[in-house]
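Heads up: the structure comes next, in structure tokens.
The values are calculated or read from the model by the stated rules, or taken from the named source; none is laboratory data. For clarity, every value in this text was computed on a predicted model and none was experimentally measured. Cβ: placed from backbone, ideal geometry, glycine included. Neighbour counts: every protein chain shown.
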Amino acid sequence: MRKLLELLAIAALAALFYFTWTALYGPNHLSGQIPTHFNGAGEPTSYGPASTLWLLPIIGAALYTLITVVSLFPSSFNFPVRVTAQNRNRLHRIAVRMVVSIKAEVLLLFAVLQYAIIQSVRTQTNSLPILLMPIALGVIFLTLALHLVALRRSA
């Protein structure tokens, strides 16, 4: 499962860079002002140069690197239960799976968000799907909650 999540994270990061590269340098490249911030209704509230599209891939790459390094040291995690010699390996496995899952979900969110921003500019709708963020955040928090329950049960 962990390898599949890592592959999903790498694919999402690659897609994020691909969407950005093609939007800025492809045959139908974007130029001028693009929406850079959206309100809760998915309407743009701020605009900036097209080069700001590089922000999400750079943050995504930094998060991928940071979370990958952090997941290498599960013994330094702060667990919500008492860690003993009997449950240590099980707790580490669940915690690492949680961290890798959230990494993949956040990078997937970044890729979908970047794609939606680019499509909103190309179609001149200048809006994002209103349910994109609530659903994405719901999935991330559900993943967190399920893994925390699993950690408590493994104690």
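Worth pointing out:
- Residues satisfying the stated conditions in segment 1-46, i.e. surrounded by 13 or more Cβ atoms within 10 Å (Cβ to Cβ), part of a loop (DSSP other than H, G, I, E, B) and under 19 Å from the mean Cα position of the chain (by Cα): 42
- Any hit, segment 95-104, residues being surrounded by fewer than 14 Cβ atoms within 10 Å (Cβ to Cβ) and modelled with pLDDT of 90 or more: no
- Residue match in segment 121-129 (condition: surrounded by 18 or more Cβ atoms within 10 Å (Cβ to Cβ), part of a helix (DSSP H, G or I), in contact with a Leu (Cβ under 9 Å, 6 or more places away or on another chain) and of a type in the set (A, V, I, L, M, F, W, C)): yes
- Hey, residue 143 under 17 Å from residue 8 (Cα atoms) and either of a type in the set (Val, Ile, Thr) or at pLDDT below 95 (or both) or not: yes
- Some residue of segment 21-36 being in contact (Cβ under 8 Å) with a residue 12 or more places away in the chain and under 30 Å from residue 92 (Cβ atoms): no
- Pairs with Cβ under 9 Å, 6+ apart, first in segment 102-115 and without any contact (Cβ under 8 Å) to a residue 60 or more places away in the chain, second polar (S, T, N, Q): 102/143; 105/143
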